[in-house]
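Worksheet: the structure to be examined is printed underneath.
The values are calculated or read from the model by the stated rules, or taken from the named source; none is laboratory data. Note that the structure is predicted; figures quoted are calculated from it, not measured. Neighbour counts are summed over all protein chains in view; Cβ atoms, including those assigned to glycine, are modelled from backbone coordinates with ideal geometry.
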Amino acid sequence: MSEAACVIGSGIQVRGNLSGSGDLIVQGRMEGHVALEAHVIVEEVGSVVADIETQELTVHGKMTGNTNASERISVTSTATLVGDLRAPRIVLEDGARFRGTIEMDVPLPDDI
Amino acid sequence: MANTVIGESIVIDGEITGNEDLVVQGTVKGRIQLTESLFVEESGAVEAEIETQNVEVSGKVTGNITAVDKVELKAECRMVGDIKAPRILMADGSSYRGNIDMNV
């Protein structure tokens, strides 16, 4: 866990734009916009109100905002998420609370 | 208590507030307001108005610092801006330009 490039601890609030590369772990509060070529993890105690562009997103805590992930989005059993998700692979675990649209970029057959 | 680190490859443009230590190895622009300590490490670059308990600068800081307790400029640091704090330490080798107010 200490391998992550950026950790926002439980006593910290960040408001604004966060960009760069390297994993991000949010245990505190993040508001604004996140653009990272890596893995974003919102921990159970974390709360995020932001639009996120990333490779992979894992939500254990509370999140409001739209996410565009190039690889994968996981919404785990402890998560509460409101927003639109777009990624090739999306996992919604049993117990997860979610409201929003999901777009998986899957090529649908022509006849539907 | 959890430790907050802004890594080398990270850029934050905005406001950081909180009640725990913050370590900056990347870039932060805007405003930092903490009730604990701020550490700007060698690779860190901060362009912000800073209000904290303690500040320790080993990297680059542009902006004004108001600290309740102590500001420490380490050797090799580069800082431009005003500092207001009861205790200010400046190491041999540090580069600084600005006003210092120790409430004398």
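General remarks:
- Filtering the range B:30-47 to residues that are surrounded by fewer than 17 Cβ atoms within 10 Å (Cβ to Cβ) and either within 17 Å of B:G59 (Cα to Cα) or basic (K, R) (or both) leaves B:R31, B:E42, B:S43, B:E47.
- Scanning the range B:1-26 for residues that are under 20 Å from A:H33 (Cβ atoms) and either more than 8 Å from chain A (Cβ to nearest Cβ) or in contact with a helix residue (DSSP H, G or I) (Cβ under 8 Å, 6 or more places away or on another chain) (or both) yields one hit, B:V24.
- Unique match (being within 24 Å of A:V14 (Cβ to Cβ) and either surrounded by 15 or more Cβ atoms within 10 Å (Cβ to Cβ) or of a type in the set (S, T, Y) (or both)) among A:S77, A:S70: A:S70
- In the range B:1-37, the residues that are among the hydroxyl-bearing types (S, T, Y), closer than 11 Å to A:C6 by Cα and either in a loop (DSSP other than H, G, I, E, B) or at pLDDT 95 or above (or both): B:S9
- Scan of the range A:29-38 for residues that are at pLDDT 95 or above and either under 9 Å from the mean Cα position of the chain (by Cα) or of a type in the set (D, E) (or both), ordered by number: A:E31
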